[in-house]
Amino acid sequence: MTLFFQQLVNGIALGSIYGLVALGLTLVYGVLKIPNFAHGALYMVGAYITFVAAVVYGMGYIGAIAVAVIVLAGIGVALERVVFNPLRHAPRLHSMIAALGVLLFLEAGAQLAWGAEFRRLPSPFSGTVVLFGLPVATQRLLVIVAAVAVMIGLSLFLKRTTTGAAIEAMAQDRAGALLVGIDTRKIAMLTFAISAALAAFAAALVAPLNLISPTMGEAVNLKAFVIIILGGMGSIPGAVVGGYLLALVEVLGGTYISSSFSQLIAFAVLVVVLAFRPTGLFTRGV
Amino acid sequence: MLDVDSLTVRYGRVVALREVGLHLEKGEIVVLLGANGAGKSTLLRTIAGLLRPLTGSIRFDGSELAGCPAYEVVRAGIALGPEGKHLFPELSVRKNLALGAYPHRRDRAGVERSMEEVFSLFPVLREKAGDAARSLSGGQQQMVVIGRALMARPKLLLLDEPSLGLAPLVVEEVFDAVAELNRRGTSVLLAEQNANAALRIATRGYVFETGQVALAGSRDELLDNSDVRRAYLGI
């Protein structure tokens with residue numbers, strides 16, 4: 001029972017990270033129809049910025065998270081301006097190739113700047129707290145609470161504010177958005193900023209639990225694509241539910257079936273879901 | 001109010017509009033007639049800023065709009081209810097309308113007033129305000145299209161084929177609403193295949209053929225013209 005409870009908490013913590021990363025990916029896909037293969041690399045850069053701010057510049061952990069989120073939001077805007085905006089009238093394949101280029105650029109850049117060796121970020125929340133009579137790592141609890149708070153905040157932003165409505169409008173009909181007077185360039189930049197900031201936030205939360213390296217984004221990137229295909233490309237609830245679903249299946253499957261299966265499970269789930277619902281769990285049949 | 005002069009628009013190598021000129025005075029309803037592909041839609045989409053003209057000018061209340069992006073054209077006072085509707089299907093009718101007032105979004109009281117005005121023009125939309133736009137009937141969706149354009153408080157409303165796919169009774173309802181909003185002070189430029197319904201409310205019209213203006217005249221001149229009667233009125 002203790003094992004199950006701990007694995008459940010681990011699964012929910014991992015799902016929170018997956019959910020945040022997949023949210024950013026699905027947002028950019030939904031609004032701009034770009035599958036951003038560089039999203040995992042943004043996550044990796046976010047982890048490094050947190051590490052540098054906390055360890056090299058001696059900022060507190062919370063301050064380092066804020067720095068990473070702000071820097072990555074800026075990188076997101078720069079990517080939209082410099083790489084993806086000039087390609088918006090080109091065939092879709094061009095922005096996919098450009099995204100792969102950004103991925104390689106960021107990974108090589110990180111290796112050049114910070115080296116290939118693994119880094120560890122010490123957590124100020126290294127202890128455990130007792131929850132329902134069982135010990136839970138404080139950092140994992142922080143991951144869950146912070147991630148859920150951000151997801152709720154994002155959802156309120158999209159549903160309750162005019163700017164949020166403009167993002168949804170652009171995702172649903174770009175010409176319609178232009179016609180009502182929405183400056184789609186600004187919304188595109190904002191979407192990239194939010195997307196990259198979400199990746200940075202996820203990375204900063206997970207950095208004290210995992211090792212940091214230039215290739216740490218690759219597995220997460222792959223999982224995030226599995227999640228948004230599973231949840232439905234562009235679907236916000238799909239990204240969140242898909243993130244938790246995948247993480248729980250991975251962690252619990254890894255515990256009770258076989259740990260060597262845990263990577264395989266993600267793709268087994270994907271194949272099964274697509275066999276029955278080819279458009280994903282949360283999309284309307286077209 | 002609106003002066004279009006020698007406007008040429010191309011899609012790739014195809015010339016969709018060739019040296020088109022037309023004008024519209026404040027308070028008018030001007031109708032554009034013509035077969036599919038004659039250039040009516042292209043003209044409206046170019047005025048609205050969705051397409052860039054190759055040459056020519058679009059002057060509106062003294063300022064040049066040719067080549068301006070759509071979001072600036074809306075701010076200048078021209079709103080388009082496009083063919084194909086381009087609503088936001090998953091958002092509620094209320095949100096669709098509210099987004100129509102995007103240029104005025106900081107003026108919340110004004111947005112509410114505009115919304116009341118749209119509801120008074122299309123009472124059925126008040127009942128459907130909470131429903132997703134995609135769940136409405138074709139006629140109701142067309143009302144949202146017109147309502148959303150009105151939310152921008154345009155001086156000039158462009159409407160592209162508002163009767164397309166609607167039952168005759170609904171067409172009448174939509175055109176009555178267009179005549180009513182015109183009485184309330186909005187000028188209208190209307191592209192329409194349904195010449196009977198359109199000429200009923202129009203002051204003047206232009207007939208388009210293969211990207212050019214073939215004929216222009218007042219409502220009565222067009223109704224009396226034998227070519228127009230044969231080609232567009234079926235008499």
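Being in a helix (DSSP H, G or I), in contact (Cβ under 8 Å) with a residue 12 or more places away in the chain and buried (at least 21 other Cβ atoms within 10 Å of the Cβ) is true for just one of B:GLY205, B:GLY139, B:GLY147. Which residue is that?
Values: B:GLY205 fails: in a helix (DSSP H, G or I); B:GLY139 fails: buried (at least 21 other Cβ atoms within 10 Å of the Cβ).
None of the other options fit; the residue is B:GLY147.
Filter region A:170-189 down to the residues that are over 10 Å from B:ALA70 (Cα atoms) and among the aliphatic types (A, V, I, L, M) and list them by number.
Listed by number, the residues that qualify are A:MET170, A:ALA171, A:ILE187, A:ALA188, A:MET189.
From the residues in region B:91-103 that are part of a helix (DSSP H, G or I) and facing chain A (nearest Cβ under 9 Å), which one is farthest from B:ARG126 (Cα to Cα)?
The extreme case among them is B:PRO103.
Filter region B:32-64 down to residues that are part of a strand (DSSP E or B) and crowded, with 20+ Cβ neighbours inside 10 Å and give me whichever is modelled with the lowest pLDDT.
B:GLY34
Residues are listed down the side, and each one gets a yes or a no for (1) under 20 Å from B:THR186 (Cα atoms); (2) hydrophobic (A, V, I, L, M, F, W, C):
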{"position": "B:PRO89", "(1), (2)": "no, no"}
{"position": "B:ALA98", "(1), (2)": "yes, yes"}
{"position": "B:ALA109", "(1), (2)": "no, yes"}
{"position": "B:GLU116", "(1), (2)": "yes, no"}
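Condition first: of a type in the set (Asp, Glu) and either part of a loop (DSSP other than H, G, I, E, B) or in contact with a helix residue (DSSP H, G or I) (Cβ under 7 Å, 6 or more places away or on another chain) (or both). Now tell me which residues in region B:174-202 satisfy that.
Hits for region B:174-202 are B:GLU180, B:GLU192.
I'm checking my understanding of the structure. Among residues of region B:36-60 that are more than 16 Å from B:VAL9 (Cβ to Cβ) and in contact with a strand residue (DSSP E or B) (Cβ under 8 Å, 6 or more places away or on another chain), which one is nearest to the other protein chains (Cβ to nearest Cβ)?
Step by step, filter region B:36-60, then rank; the result is B:PHE60.
Hey, among the residues in region B:104-120 that are of a type in the set (D, E, K, R) and at the interface with another protein chain (Cβ under 10 Å from one of its Cβ atoms), which one's surrounded by the fewest Cβ atoms within 10 Å (Cβ to Cβ)?
Only one residue fits best here, namely B:ARG106.
Mind checking whether some residue in region A:156-165 is within 14 Å of another protein chain (Cβ to nearest Cβ), under 22 Å from the mean Cα position of the chain (by Cα) and under 18 Å from A:LEU25 (Cα atoms)?
Yes - at least one qualifying residue is present in region A:156-165.
Residue-wise test of (1) at negative phi; (2) free of Cβ contacts under 8 Å to residues at least 12 places away in the same chain; (3) crowded, with 20+ Cβ neighbours inside 10 Å.
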residue: A:MET96; (1), (2), (3): yes, no, no
residue: A:ALA99; (1), (2), (3): yes, no, yes
residue: A:LEU103; (1), (2), (3): yes, no, yes
residue: A:LEU134; (1), (2), (3): yes, no, no
residue: A:LEU141; (1), (2), (3): yes, no, no
residue: A:LEU156; (1), (2), (3): yes, yes, no
residue: A:ALA169; (1), (2), (3): yes, no, yes
residue: A:LEU179; (1), (2), (3): yes, yes, yes
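Could you tell me how many of the residues in region B:176-199 are in contact with a strand residue (DSSP E or B) (Cβ under 9 Å, 6 or more places away or on another chain) and closer than 16 Å to B:TYR232 by Cβ?
Residues that pass the stated criteria total 7.
Looking only at region A:179-202, decide whether some residue is within 18 Å of B:VAL145 (Cα to Cα), in a helix (DSSP H, G or I) and within 14 Å of chain B (Cβ to nearest Cβ).
yes
Inspect region B:100-117 for any residue being of a type in the set (Ser, Thr, Tyr), at pLDDT 95 or above and either over 26 Å from B:ILE201 (Cα atoms) or touching a Lys or Arg at 6+ places or on another chain (Cβ under 9 Å) (or both) and give the result as yes or no.
The answer is yes; a qualifying residue exists.
Out of the residues in region B:65-83 that are assigned to a loop (DSSP other than H, G, I, E, B) and facing chain A (nearest Cβ under 8 Å), state the one that is nearest to B:VAL145 (Cα to Cα).
Narrowing region B:65-83 to residues assigned to a loop (DSSP other than H, G, I, E, B): B:65-69, B:77, B:82-83.
This time we only want the ones that are facing chain A (nearest Cβ under 8 Å), so: B:69, B:82.
Values: B:PRO69: 20, B:PRO82: 8 Å.
The qualifying residue nearest to B:VAL145 (Cα to Cα) is B:PRO82.
The values are calculated or read from the model by the stated rules, or taken from the named source; none is laboratory data. Here the structure is a predicted model, which means the values were calculated and not measured. Cβ atoms come from the backbone with ideal geometry, glycine included; neighbour counts cover every protein chain shown.
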